Amino acid sequence: MKELDVATFLAVFQEMLGPLLWALIALAAAATVLFVWVMLRDRGLRPRRLVWAEVAGLAGGIAAVLFMLAVTQSQLADIGGPVDWVLVAVIFVAGGVGTVVAAYGVLGALRHLA
Amino acid sequence: MPITSNSTDLPAAPGRRRFIIGGAAAAALAGVATATGAPAQTQTRARVVIAGGGAAGLATAARLSRRLAGAEITILDRRREHFYQPGFTLVAAGLKGPSYVTGATGDFVPAGVRWIEESAAEFDPAGRKVVTDAGRTLPYDFLVVATGLTLDYGAIAGMDVARIGQDGLGSVYASPQAAAATWAAMSSFADRGGVALFGRPSTEMKCAGAPLKYAFLTDDTLRRRGTRGRAELIYNAHNRVLFSVPIVAEKVRMLYRDRGIRTNYEHELQAIDIGRKVATFRTPGGPKELQYDFINVVPPMRAPEAVRNSPLRWQTGPFAADGWIEVDRATLRHSRFAEVFAVGDVAGVPKGKTAASVKWQVPVAVDHLVAQIAGRTSDARYNGYTSCPLITRIGRAMLVEFDYEDNLQPSFPGVIAPLEELWITWMMKIVALKPTYLAMLRGMA
């Protein structure tokens, strides 16, 4: 009985998502590259744009939580022990940070909001 | 008429961190820990026959084909459909359709492994050969028996599998379609109310948590429909406890009390009159009739006939009567035939006829088999670990993991409390279990 390894992790997610796994990884990578490129181009973060990206991130975090509740046929009342709240927080943060990075990158690429 | 099926329910593992949290916007959990960092292949010309192409048979084939080079590995199974049995209760609760639990055996047969679409009909361990139901004789150097078990509906007088879904008759186990038909019967009961009966047989059985879960799911469905007040739910335990692990039994007893699910002890279903909706139970005081509006019939479970009629079965002791295979509980090796192993439901070991058991049995049996070919010994041991995400309502479950000795074996001590109703455990069941199970079939988890 061996410890957890990356290949197993990947195998399980591949069974879970199929080709969508690679699409999501590609999307996350593209958003990150775009974000870094915009930041390097602008030599730093633009506060106005970041604020709007954060607003989008808030919505993204909430959407992530709602999405997970929907796919698991659950409702907020099912959140039970502390670990459930930690999980909700993790989902919210993951969705939120992902959306902030993507939104900042897209807005920057379009040169919106300075 | 008995129906044969293969191994079941799945998730985590003992002792260490082997589940993961992650995902893009999702967080998912998956039972892991594997032999993906597998040792170098062993060269051999050994003939290995795997009788049974269910969860245990396919997982064994995947691991053996990875660890052996040049071996002639053959899977015997007539059935082309593969059933993800841990999902049957979800189908019977109206949460998933039959397609969710139905796959194709052929999709999981590893490259280089021969699949013969015939079933083992006769085992001759002295002559080291298996005869199939088509009359083909297959000699072997090693045999892995993974035939699963037989649902003995015939042992319940009056039971008719064809009528599942009608007249308040449910039975989650017979097939994915029967599980869906059970949902139809349960849903119609939930609209009207009445008396619902649950229970389990006194034989060894697949995932002993499943009948308990189904009572919880029926309770929840009634509450959601606003008809709980018009219904009486009765769980008939075959002995004096609700579950074989005492700490779990006590927790379920308290939850049943909380949900208003009545319990009868030492009640085992022996006959059913489907037309009159009357179930007869074997009790210490003699047969007892109970009227019902809905019933979930859990049939007695035994080793398949070919195994029961073979010298492989236990000769004495608690596993002899139903013909389970006599294996060492730590190595899954046959006690009298050193080149024979049994994994999954058919293995005559205490507890665990679940996919979680399969997940932890298979690597141990494979390691011993490969070591024997390589002329070394293996110290791999199976401690009886099994697990059950015990659903207590739609949206919550308790992660129950234990070993041969009734010890709890929490995968995340201090993080996921084993006897707490949690959303995270429900999420594991609904999101991560099936992918982990499928990865297990491919030898990747």
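The values are calculated or read from the model by the stated rules, or taken from the named source; none is laboratory data. Everything numeric here is computed off the predicted structure, so don't read it as measured data. Glycine also receives a Cβ, built like all others from the backbone with ideal geometry; neighbour counts cover every protein chain displayed. Accessible surface is based on the protein model in full, side chains and every heavy atom, while ligands, DNA and RNA are left aside. Shrake-Rupley method; radii C 1.70, N 1.55, O 1.52, S 1.80 Å.
Quick check: anything in the stretch B:233-240 modelled with pLDDT of 95 or more, open to solvent by 20 Å² or more (accessible area, probe 1.4 Å) and part of a strand (DSSP E or B)? Walk me through it before giving the result.
So in the stretch B:233-240, the residues modelled with pLDDT of 95 or more come out as B:233-240.
In the following step, the residues that additionally are open to solvent by 20 Å² or more (accessible area, probe 1.4 Å) were identified as B:238-240.
From what's left, part of a strand (DSSP E or B): none.
Checked the stretch B:233-240: no residue is modelled with pLDDT of 95 or more, open to solvent by 20 Å² or more (accessible area, probe 1.4 Å) and part of a strand (DSSP E or B).
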Of the conditions (1) over 11 Å from the mean Cα position of the chain (by Cα); (2) under 30 Å from A:Leu45 (Cβ atoms), A:Val90 fails just one. Which one is it?
(1)
Going through the stretch B:150-173 in order, the residues found to be closer than 19 Å to B:Glu268 by Cβ and small (Gly, Ala, Ser) are B:Gly154, B:Ala155, B:Ala157, B:Gly158, B:Gly170, B:Ser171
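Okay, residues lined up against (1) within 14 Å of chain A (Cβ to nearest Cβ); (2) open to solvent by 40 Å² or more (accessible area, probe 1.4 Å); (3) within 30 Å of B:Phe294 (Cβ to Cβ):
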residue	(1), (2), (3)
B:Ala71	no, no, no
B:Arg79	no, yes, yes
B:Gly87	yes, no, yes
B:Pro98	no, yes, yes
Selection count where residues are open to solvent by 20 Å² or more (accessible area, probe 1.4 Å) and not charged (D, E, K, R), scope the stretch B:56-69:
1
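Residue-by-condition table, conditions (1) among the charged types (D, E, K, R); (2) surrounded by fewer than 14 Cβ atoms within 10 Å (Cβ to Cβ); (3) more than 9 Å from chain B (Cβ to nearest Cβ); (4) not in a helix (DSSP H, G or I):
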position: A:Trp22; (1), (2), (3), (4): no, yes, yes, no
position: A:Ala30; (1), (2), (3), (4): no, yes, yes, no
position: A:Val51; (1), (2), (3), (4): no, yes, yes, no
position: A:Ala56; (1), (2), (3), (4): no, no, yes, no
position: A:Ser74; (1), (2), (3), (4): no, no, no, yes
position: A:Gly80; (1), (2), (3), (4): no, no, no, yes
position: A:Asp84; (1), (2), (3), (4): yes, no, no, no
position: A:Gly105; (1), (2), (3), (4): no, no, yes, no
Quick check on the stretch B:283-298. Is at least one of its residues outside the structural domain of B:Cys207 (by TED's automatic domain parsing) and among the basic types (Lys, Arg)?
no
Among the numbered criteria (1) β-branched (Val, Ile, Thr); (2) open to solvent by less than 10 Å² (accessible area, probe 1.4 Å); (3) within 14 Å of chain A (Cβ to nearest Cβ), which single criterion is violated by B:Val349?
(3)
Any idea which residue in the stretch B:398-434 is nearest to B:Gly53 (Cα to Cα), counting only those that are within 9 Å of chain A (Cβ to nearest Cβ) and surrounded by fewer than 21 Cβ atoms within 10 Å (Cβ to Cβ)?
B:Val431
